[in-house]
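Written below as structure tokens is the structure these notes are about.
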Amino acid sequence: MKQKMWVLLTSFAALVLVQQQLLLSRPPRLLSRTPQPLQSGSAALDLRFSRPMQLGSVAADSQLQPDLVHRWQGENNLLRLLIDANQRIKASIQLTVAGQDHRAQALPPQHWWWDPRPWLLVNRQVDGGDQLQVQSRDGRWIPLSPTLNQIQRVVPLGNGKGAALIERDKDWKQRLFLLPLLPRNITAHRDQLAAPKAGKLMPLVPGQYLFADLSSNLNGDLLAQTGGFTPGSGRTELIKADGQRRTLEIKASGPIQLLPAGGGAVVPTFNGLTLRPLIENYKTPQLLPGARDLGDFCQATGRAVLIRHWPDYRRSIELVIPGLSPKQLWLGEESVLALSCDNRGERVWAVLGRRQDRRMQHELVLLDGDGLVLGRRQLAPWTFKPRSMLQFDPVGEQLLMTVTKPGWDAGRAALMDATTLEWLKVLPIRIKEALWLSAG
């Protein structure tokens, strides 16, 4: 019996050894390709291999078409392709991945099509209510959601895999929904590149509410704030991208914003803005006192731009750099309607408003990280739609905003060159708001 057991163990060990040798003799494989939104360039793609790869070999043997300026970073079996900043990507990219692993085994060349450009997402007025639609690359508008009563708020998930919606009915009751989306921006065949495919609209938080607000980070997590019809019914819930849920004991005086990289949130209080971790560490939260509103996150650096309200009714634009006091970039009597910044916080765009000749005049101003004015553009004959967003697209080096005209009850999606501040186009369809949806 012992002899048979010894034979079996020896045979099993020999089989494992043979399998290991066979696996080592096989060439490395490319296991996954994941867009990386938290980066300092125009676009980035994380590639995971079955074995540790030689970074220099992958960089030398891989190719991009068109030949954009790029770098390869990382080590072992996880490498990142980073396309340098300030390059306009106007079409899909043909990517050939090749190279050797640390045992000098060659990766069979992999050919992929990658389109890192974000999608133009709109909350559009249609017969019977509002509908979420996305614009295809050929200009067609594709419905994503069913027709709802009134879509009050749209928050695209930071990973491009969905959009959260707040619907309001005729009695002003609000409901929260999640629309799952399947990105289709990396494929083996060019003709398979397409707009994201919508799943079934589902309730995000059950019930109806008097107040609701949403925030998302680049991981695809959601923060849902809801308030009911009775005192003390307010609730803040974190909904992770993997479906896990957790109620947060956070008191806020307004909408909470998740940090882009995850792990924390910016919480408005009556004393100022606080930076809090999502998991309680029992440390005193960082406080930035004063009447301030969050304008935008500069994603790759942890920087942010704020609007500060002064007692004499002036406003200022501040750049917040981790570990340093806020840097004032602009101070004036104009209202600051919206802010946006590039990934590194080196450029800041602001929509300023002033009343002139009994009419509101809106202007877009471009500032550098020291407050130097790099450009200005009057929006006339358009005005910036109140409570909408100004968003920068690092892939196409363009700005997206929702504009309108006096007397109009709807807006238009408008694109502007982020460097020259020249109008690119104003789309003719009537919308409530336009937003960028990450390619995912």
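The values are calculated or read from the model by the stated rules, or taken from the named source; none is laboratory data. Because the structure is predicted, anything quoted here is derived from the model rather than measured. Positions of Cβ are backbone-derived with ideal geometry, glycine not excepted, and every protein chain shown enters the neighbour counts. For accessibility, only protein heavy atoms count, side chains too; no ligands or nucleic acids. Shrake-Rupley method; radii C 1.70, N 1.55, O 1.52, S 1.80 Å.
Given the residues Thr247, Thr226, which is the only one that is touching a Phe, Trp or Tyr at 6+ places or on another chain (Cβ under 7 Å) and of a type in the set (Val, Ile, Thr)?
None of the other options fit; the residue is Thr226.
Anything in the range 90-102 that is under 22 Å from the mean Cα position of the chain (by Cα) and either small (Gly, Ala, Ser) or open to solvent by less than 10 Å² (accessible area, probe 1.4 Å) (or both)? List them, or say none.
Matches in the range 90-102: Ala91, Ser92, Ile93.
Among the numbered criteria (1) farther than 26 Å from Ala85 by Cβ; (2) surrounded by fewer than 18 Cβ atoms within 10 Å (Cβ to Cβ); (3) modelled with pLDDT of 95 or more; (4) charged (D, E, K, R), which single criterion is violated by Glu334?
The single condition Glu334 does not satisfy is (2).
Report every pair of residues separated by at least 6 positions or lying on different chains whose Cβ atoms are under 6 Å apart, first residue within the range 394-421 and over 19 Å from Arg88 (Cα atoms), second basic (Lys, Arg) and surrounded by fewer than 20 Cβ atoms within 10 Å (Cβ to Cβ).
The qualifying pairs are Ala410/Arg430.
Given the residues Gly199, Gly220, which is the only one that is surrounded by 13 or more Cβ atoms within 10 Å (Cβ to Cβ) and closer than 30 Å to Leu64 by Cα?
Sole residue among the options that is surrounded by 13 or more Cβ atoms within 10 Å (Cβ to Cβ) and closer than 30 Å to Leu64 by Cα: Gly220.
Return yes when Leu157 is surrounded by 19 or more Cβ atoms within 10 Å (Cβ to Cβ), of a type outside the set (S, T, N, Q) and either without any contact (Cβ under 8 Å) to a residue 40 or more places away in the chain or over 20 Å from Ala194 (Cα atoms) (or both) and no when it is not.
Here the answer is no, as Leu157 does not meet what is asked.
Working only within the range 96-113, note down all residues that are touching a Lys or Arg at 6+ places or on another chain (Cβ under 6 Å) and under 13 Å from Gly56 (Cα atoms).
Residue satisfying the conditions is Asp101 alone.
Using beta carbons and a limit of 7 Å, which pairs, at least six apart or on different chains, have the first residue in the range 180-197 and farther than 25 Å from Pro146 by Cα and the second one surrounded by 12 or more Cβ atoms within 10 Å (Cβ to Cβ) and among the polar types (S, T, N, Q)?
Close Cβ pairs (under 7 Å, with a partner that is surrounded by 12 or more Cβ atoms within 10 Å (Cβ to Cβ) and among the polar types (S, T, N, Q)) amount to Arg190/Ser92.
Hey, could you check the range 309-325 for residues that are within 24 Å of the chain's Cα centre (by Cα) and surrounded by 13 or more Cβ atoms within 10 Å (Cβ to Cβ) and say which is farthest from Gly295 (Cα to Cα)?
Ile321
Quickly run through the range 250-274 and pick out the residues that are open to solvent by 50 Å² or more (accessible area, probe 1.4 Å) and in contact (Cβ under 8 Å) with a residue 24 or more places away in the chain.
Pro255, Gln257, Ala261
Within the range 39-74, restricting attention to residues that are in a helix (DSSP H, G or I) and open to solvent by less than 30 Å² (accessible area, probe 1.4 Å), which residue is farthest from Ala300 (Cα to Cα)?
That would be Ser57.
Do the conditions hold for Thr284, that is, is it touching a strand residue (DSSP E or B) at 6+ places or on another chain (Cβ under 6 Å), polar (S, T, N, Q) and over 22 Å from Ser335 (Cα atoms)?
So Thr284 does not fit the description; no.
Just checking, how many residues over the range 154-189 are in a loop (DSSP other than H, G, I, E, B) and more than 27 Å from Ser32 (Cβ to Cβ)?
Of the residues in the range 154-189, 5 are in a loop (DSSP other than H, G, I, E, B) and more than 27 Å from Ser32 (Cβ to Cβ).
Determine, yes or no, whether Gly158 is more than 19 Å from the chain's Cα centre (by Cα) and more than 18 Å from Thr402 (Cβ to Cβ).
No: the conditions fail for Gly158.
With Pro285, Pro289, Pro277 as the choices, which residue is over 18 Å from the mean Cα position of the chain (by Cα), without any contact (Cβ under 8 Å) to a residue 60 or more places away in the chain and open to solvent by 60 Å² or more (accessible area, probe 1.4 Å)?
Result: Pro289 is the single residue among Pro285, Pro289, Pro277 that is over 18 Å from the mean Cα position of the chain (by Cα), without any contact (Cβ under 8 Å) to a residue 60 or more places away in the chain and open to solvent by 60 Å² or more (accessible area, probe 1.4 Å).
Which of the residues that make up the range 75-108 are assigned to a strand (DSSP E or B) and of a type in the set (Val, Ile, Thr)?
Residues satisfying the conditions are Ile83, Ile93, Thr96, Val97.
Could you list, in sequence order, all residues of the range 343-360 that are open to solvent by less than 10 Å² (accessible area, probe 1.4 Å) and on the phi < 0 side of the Ramachandran plot?
Hits for the range 343-360 are Val348, Trp349, Ala350, Val351, Leu352, Gly353.
Considering the range 128-153 alone, what residues qualify as being at pLDDT 95 or above, farther than 30 Å from Ile83 by Cα, open to solvent by 40 Å² or more (accessible area, probe 1.4 Å) and in a loop (DSSP other than H, G, I, E, B)?
The answer is Pro146, Thr147.
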